[in-house]
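Note sheet for the following structure.
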Amino acid sequence: MSFVSKPRFHHPRLPRNALGLTRRDYEGAMSTLCAGCGHDSVSAAIIEACFELDLPAHRLAKLSGIGCSSKTPTYFLSKSHGFNSVHGRMASVATGANLANRDLTYVGVSGDGDTASIGLGQFAHAVRRQVDMLYVVENNGTYGLTKGQFSATNDRVSVGRKGQRNAFEAIDLAVMAIQLGASFVARGFSGDKDQLVPLIKAALTHRGFAFIDVISPCVTFNNHFGSTKSFEFVRDHEHSVLATDYVPYHETITASYAEGEVIDVTLHNQCRLRLRKLDSDYDHGDPVGAVRYIMDRQAQGEVVTGLLYLDTGDDDLREKLELTSRPLNSLDEDALRPSPEVLESINASLR
Amino acid sequence: MRPTDITDPQYFHKVVDCQWACPAHTPVPEYIRMIAQGRYTDAYMVNWESNVFPGILGRTCDRPCEPACRRVRVEDKPVAICRLKRVAADYRGDIEHLMPEIAAPNGKRVACIGAGPASLTVARDLAPLGYHVVVYDRDAKGGGMMRSQIPAFRLPQSVLDEEVDRILDFGIETRLDTDVTSLQSVLDEGYDAVFVGTGAPRGRDLQIPGRDEVADNFHIGIDWLMSVAFGHTDTVGRRVIVLGGGNTAMDCCRTAMRLGGEDVKVIVRSPFEEMKASPWEIEDAQREDVEILNNHVPLEFVRENGRLVGVTFEKVRPVYDDTGRRRLVPTGEEPVFFPCDDVLCAIGQENHFPWIERDIGLEFDKWDMPVVDQVTFRSTHPRVFFGGDAAFGPENIIWAVAHGHQAAISIDLLCEGRDLTERLAPHVTLVSQKMGMHEWSYHNVISEDQRYLVPHADKALALGDIRMEVELGFDERLGFEEAMRCLNCDIQTVFETGRCIECDACVDVCPVDCINFINNAPEPELRQRIRVPALDESQDLYVSDDLPTGRVMVKDEDVCLHCGLCAERCPTAAWDMKKFIYEEAKAQNQRLGP
């Protein structure tokens, strides 16, 4: 880790967004992670996405659990709300916060340990409840904070730093999320921001549970030859199925593509996603086909990345529960107390 | 774009903007770090090796380094490089034991005509090698224009004497109070080489109506300043008009304020923004209540009963054509009249070589300037060299020093019977500054302080005493704080392609967005495609070899803070911070070898 703070000087010609802010205004404290950690690139991608979306930082909440990845919300959006929860319990805190104040944008950051091991139950229920949030897993296949044991997402074929074999099957969180009914599932790579930033922008705008599994190499414990979560392995075996371009609603699309190559999806905020098929066999609207495809490729040693599954038609948790459109934390006594007539009718129905 | 060749010394040299801009290529960040460490003597010696007159230049340099300073591009104001040089001179310890040893006489004799900065530099470089150097000057003391044209309130005589005498003490034979009237007669004395460093000694006259009639109250600026410097003039009229807008004009008006002038005006033809004087000299003049009027062209010296009573001017405005060339066009208003008792004319100075015979094989060009080689400083006469203002027209002290070093190399080569173009390359080192995990041998925390102002003497006191130095200089604490503003541009970011794993850590941490990993393209396209387009073409792009993904690393050198965070965040030490030391070769290197 660096001991000096990042100088406040920025490039004099740094672009500004609609709020008059530069990318630097979305930064947080100096990272204390190992030099070269993939997680820092994910933080940078979140910063870039929020900057490009003109998000006001104070209308966003960052949530996390425990682990290297869960430390990272400190390193971006220092002007946002934040909650660093108990290990594996970020999903519950996010669910509660989501119900209490539906006006904020929620970004949950977790790791493979925090989500696939101790927090697996929490994760599963946040997915099937369609909590309206972006849930990012910074997935490096290792427990970096406890010196590099295999995590539950480490591929069976992936060996340890000193050649140790891995005895257990890996959990594929993206496949799991599709099976559990997430409406937005993607896989990214910390070393490819051209792909990751548009995915984060789309996920932040999506209504419902948006899950991004980001392969984020651990340079200290899992970036060696024989690891399937190293920079080199992912670069060599990455197979991107769908490129995502986020198009703000005021912008016209000028690039032209052959028919069938491009699908435009309108999000609930009237912005569009332009999806470019990189693999004509892949259908991002078919959950069964998507899971089969990902597993087939996985069996061939490939890592499928890009937007994997998208359903803009499902309701989110608040709609499913038919909650009021006002944030619950803004409901005062007058709004919450039933009128004498309503109270009377309720009592009558119970007599 | 082709990969950057960092083995070319000029690539990293250019990144050290101050050193690159300095005619003598003084290693500025190196001595500023020494000042911050309190190593004033070392800082002084780094300067002395390179620019010979640290105490003098720390007060009077034209400071081409400061507008070049990276800090101008990053925030606003440059590091006060010049005044830090003075800090080194003010607080240094004894340096006698650090002076070069004087070698046994080598039997060669060199004449230096003029005892200004160029000649003294030649003497400084050649005397230690065993040359017998003879310095001629028409004045009674050495120093040249540094003594005759720079007023004592900017450059105390004690500082000047010390640095000039230090060189003269290298066993230099001086022939002062000696007007050289014939170059041939000097050559006839059998010198192995003659160096002409006579400056640009003739102030330009202004031939407008009334000029000759008011001769008693019309003074050529540099002549008048010299007459003040040597004590021949100690008064001036109550109302003074200074014509011209250069540094000499600023010295004239401020001197006039100290000799009894009460209403002193500088009146200049050009617009204020285009005045030739350094901005800080203009500020100093204005602080002393000198009025500056621009866009006024002198028409006539007005006389009454044969005495000067004032000057009339035509008002003009600048008009620029498509090529940016300026013309001054009369506004059509009535001429304006300003009363005055004395006029000081500082509208430029020129070379003058009446003492060089035109039939001795030394060619002059159509402007009556000697034909001098830009590299060797040799004239068309094999044994005669030129430097300083005498070579290519008026410049400044630091250029004269740079010329002197080069001429000394040529003279040494000539006397050794070698080819004058066989010049040594600069001495260059590039050494990692890594001390530990994230520890560097330099202070990489970037100071966000604004430029510190140099304290000035009380105005009333300063105006009452022509010998009182106006600038008091930084004290040690201010000097330290100002030194910390230096961005250490000589600590280079060096990239090793083979080590890079393309993790993007450096891109993410760089505070000024200067690092990119993108597909290669021709330079104009790369300049547009990087994170923040590189619009300043005078600043280079640092391009790596191809990386495993087929991309290249492209770094825009423009606003890099040299904070070292790229190297701190790099997991494989593909980035390293390396100190780049660049020393111009001098005559002594020529002799000893590299």
- Pair list, Cβ under 7 Å, 6 or more apart: the range A:221-245 residue more than 12 Å from chain B (Cβ to nearest Cβ) and among the small types (Gly, Ala, Ser), other residue surrounded by fewer than 16 Cβ atoms within 10 Å (Cβ to Cβ) and in a loop (DSSP other than H, G, I, E, B): A:240/A:278; A:243/A:278
- In the range B:260-280, what residues are surrounded by fewer than 22 Cβ atoms within 10 Å (Cβ to Cβ) and over 20 Å from residue B:316 (Cα atoms)? B:260, B:262, B:263, B:278, B:279, B:280
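Does residue A:196 satisfy the criteria of being in a helix (DSSP H, G or I) and within 14 Å of chain B (Cβ to nearest Cβ)?
Values: in a helix (DSSP H, G or I): yes; within 14 Å of chain B (Cβ to nearest Cβ): yes.
Criteria met by residue A:196.
Looking only at the range B:501-524, filter to residues that are among the polar types (S, T, N, Q) and more than 14 Å from residue B:566 (Cα to Cα); which one of those is farthest from the other protein chains (Cβ to nearest Cβ)? Outline the logic, then answer.
First pass over the range B:501-524, keeping only residues among the polar types (S, T, N, Q): B:516, B:519-520.
Narrowing the set further to residues that are more than 14 Å from residue B:566 (Cα to Cα) leaves B:519-520.
On the way: B:519: 11, B:520: 16 Å.
The extreme case among them is B:520.
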- Task: Restrict the check to the range B:386-400 and report whether at least one residue is among the charged types (D, E, K, R), part of a loop (DSSP other than H, G, I, E, B) and in contact with a Lys or Arg (Cβ under 9 Å, 6 or more places away or on another chain).
- Result: no
- Out of curiosity, is residue A:88 more than 14 Å from chain B (Cβ to nearest Cβ), crowded, with 16+ Cβ neighbours inside 10 Å and not in a loop (DSSP other than H, G, I, E, B)? no
- Item | Odd one out for residue B:47, checked against (1) of a type outside the set (A, V, I, L, M); (2) in a loop (DSSP other than H, G, I, E, B); (3) free of Cβ contacts under 8 Å to residues at least 60 places away in the same chain; (4) not assigned by TED's automatic domain parsing to the domain that holds residue B:162 | (2)
- Residues that are within 16 Å of the chain's Cα centre (by Cα) and part of a helix (DSSP H, G or I), drawn from the range A:49-67: A:49, A:50
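Given the structure, is residue A:191 assigned to a loop (DSSP other than H, G, I, E, B) and touching a strand residue (DSSP E or B) at 6+ places or on another chain (Cβ under 9 Å)? Talk me through it step by step, then tell me what you get.
Numbers: assigned to a loop (DSSP other than H, G, I, E, B): yes; touching a strand residue (DSSP E or B) at 6+ places or on another chain (Cβ under 9 Å): yes.
So residue A:191 passes the test.
Tell me yes or no: at least one residue of the range A:266-277 is over 21 Å from residue A:52 (Cβ atoms) and either among the aromatic types (Phe, Trp, Tyr) or surrounded by fewer than 24 Cβ atoms within 10 Å (Cβ to Cβ) (or both). Outline the logic, then answer.
Of all residues in the range A:266-277, those over 21 Å from residue A:52 (Cβ atoms) come to A:277.
Cutting the leftovers down to either among the aromatic types (Phe, Trp, Tyr) or surrounded by fewer than 24 Cβ atoms within 10 Å (Cβ to Cβ) (or both) gives us A:277.
Yes, because at least one residue in the range A:266-277 is over 21 Å from residue A:52 (Cβ atoms) and either among the aromatic types (Phe, Trp, Tyr) or surrounded by fewer than 24 Cβ atoms within 10 Å (Cβ to Cβ) (or both).
Using the structure shown, decide if residue B:72 is within 14 Å of chain A (Cβ to nearest Cβ), outside any loop (DSSP other than H, G, I, E, B) and within 25 Å of residue B:278 (Cβ to Cβ).
Numbers: within 14 Å of chain A (Cβ to nearest Cβ): yes; outside any loop (DSSP other than H, G, I, E, B): yes; within 25 Å of residue B:278 (Cβ to Cβ): yes.
The answer is yes for residue B:72.
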- Note on the structure: Those residues of the range A:106-117 that are under 12 Å from residue A:143 (Cα atoms) and of a type in the set (A, V, I, L, M, F, W, C) come to a total of 1
- Message: Just the residues that are in contact with a Lys or Arg (Cβ under 8 Å, 6 or more places away or on another chain), small (Gly, Ala, Ser) and over 21 Å from residue A:208 (Cβ atoms), please, taken from the range A:298-351.
- Response: A:335
- Please list, ordered by first then second residue, the pairs with beta carbon atoms under 8 Å, 6 or more apart or interchain, first in the range B:566-577 and assigned to a strand (DSSP E or B), second crowded, with 23+ Cβ neighbours inside 10 Å and among the hydrophobic types (A, V, I, L, M, F, W, C). B:575/B:495; B:575/B:506; B:575/B:566; B:575/B:567; B:576/B:567; B:577/B:491; B:577/B:567
- Note on the structure: Those residues of the range A:238-262 that are β-branched (Val, Ile, Thr), modelled with pLDDT of 80 or more and out of contact with any Phe, Trp or Tyr (no Cβ under 6 Å at 6 or more places or on another chain) come to a total of 2
- Item | Subset tally (residues that are within 14 Å of another protein chain (Cβ to nearest Cβ) and either closer than 8 Å to residue B:4 by Cα or touching a residue at least 12 places away in the same chain (Cβ under 8 Å) (or both)) for the range B:534-548 | 5
- Task: Just one of (1) over 30 Å from residue B:313 (Cα atoms); (2) touching a residue at least 24 places away in the same chain (Cβ under 8 Å); (3) not in a helix (DSSP H, G or I) trips up residue B:231, so point out which.
- Result: (2)
- Message: Going by what's in this entry, would residue A:94 be described as away from chain B (no Cβ under 12 Å) and part of a helix (DSSP H, G or I)?
- Response: yes
- Message: Could you go through the range A:62-78 and let me know if any residue there is more than 14 Å from chain B (Cβ to nearest Cβ), among the basic types (Lys, Arg) and closer than 23 Å to residue A:198 by Cβ.
- Response: yes
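For (1) within 14 Å of chain A (Cβ to nearest Cβ); (2) modelled with pLDDT under 95; (3) in contact with an Asp or Glu (Cβ under 6 Å, 6 or more places away or on another chain); (4) under 23 Å from residue B:4 (Cα atoms), each residue gets a yes or a no:
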site: B:467; (1), (2), (3), (4): no, yes, no, no
site: B:492; (1), (2), (3), (4): no, no, no, yes
site: B:499; (1), (2), (3), (4): yes, no, no, yes
site: B:526; (1), (2), (3), (4): no, no, no, yes
- If we scan the range B:429-444, do we find a residue that is touching a residue at least 12 places away in the same chain (Cβ under 8 Å), outside any loop (DSSP other than H, G, I, E, B) and small (Gly, Ala, Ser)? yes
- Every pair of residues 6+ apart whose Cβ atoms lie under 7 Å, when the first sits in the range A:7-31 and is within 15 Å of residue A:76 (Cα to Cα) and among the hydrophobic types (A, V, I, L, M, F, W, C) while the second is assigned to a loop (DSSP other than H, G, I, E, B) and at pLDDT 95 or above: A:29/A:78
- Hits in the range A:28-45 (condition: within 7 Å of another protein chain (Cβ to nearest Cβ) and hydroxyl-bearing (Ser, Thr, Tyr)): A:41
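Regarding the range B:377-396, can at least one residue be identified that is among the polar types (S, T, N, Q), touching an Asp or Glu at 6+ places or on another chain (Cβ under 8 Å) and modelled with pLDDT of 95 or more? Write out each step before concluding.
Within the range B:377-396, the subset among the polar types (S, T, N, Q) is B:379-380, B:396.
In the following step, the residues that additionally are touching an Asp or Glu at 6+ places or on another chain (Cβ under 8 Å) were identified as B:379-380, B:396.
Next, from what is left, pick out any that are modelled with pLDDT of 95 or more: B:379-380.
Yes, some residue in the range B:377-396 is among the polar types (S, T, N, Q), touching an Asp or Glu at 6+ places or on another chain (Cβ under 8 Å) and modelled with pLDDT of 95 or more.
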- Query: Out of (1) crowded, with 24+ Cβ neighbours inside 10 Å; (2) within 18 Å of residue A:230 (Cα to Cα), the odd one out for residue A:156 is which?
  - Reply: (1)
- Query: Residues in the range A:111-121 that are within 12 Å of residue A:92 (Cβ to Cβ) and crowded, with 23+ Cβ neighbours inside 10 Å: how many?
  - Reply: 1
- For the range B:117-206, which fully contained strands (runs of 3 or more DSSP E) count at least 1 residues that are over 19 Å from residue B:381 (Cα atoms)? B:132-136, B:173-175
- If you scan the range A:1-27, which residues turn out to be away from chain B (no Cβ under 12 Å), surrounded by 16 or more Cβ atoms within 10 Å (Cβ to Cβ) and in a loop (DSSP other than H, G, I, E, B)? A:17, A:21
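The values are calculated or read from the model by the stated rules, or taken from the named source; none is laboratory data. Computed from a predicted structure; not experimentally measured. In this analysis, Cβ positions are derived from the backbone assuming ideal geometry, glycine residues included, and neighbour counts consider all displayed protein chains.
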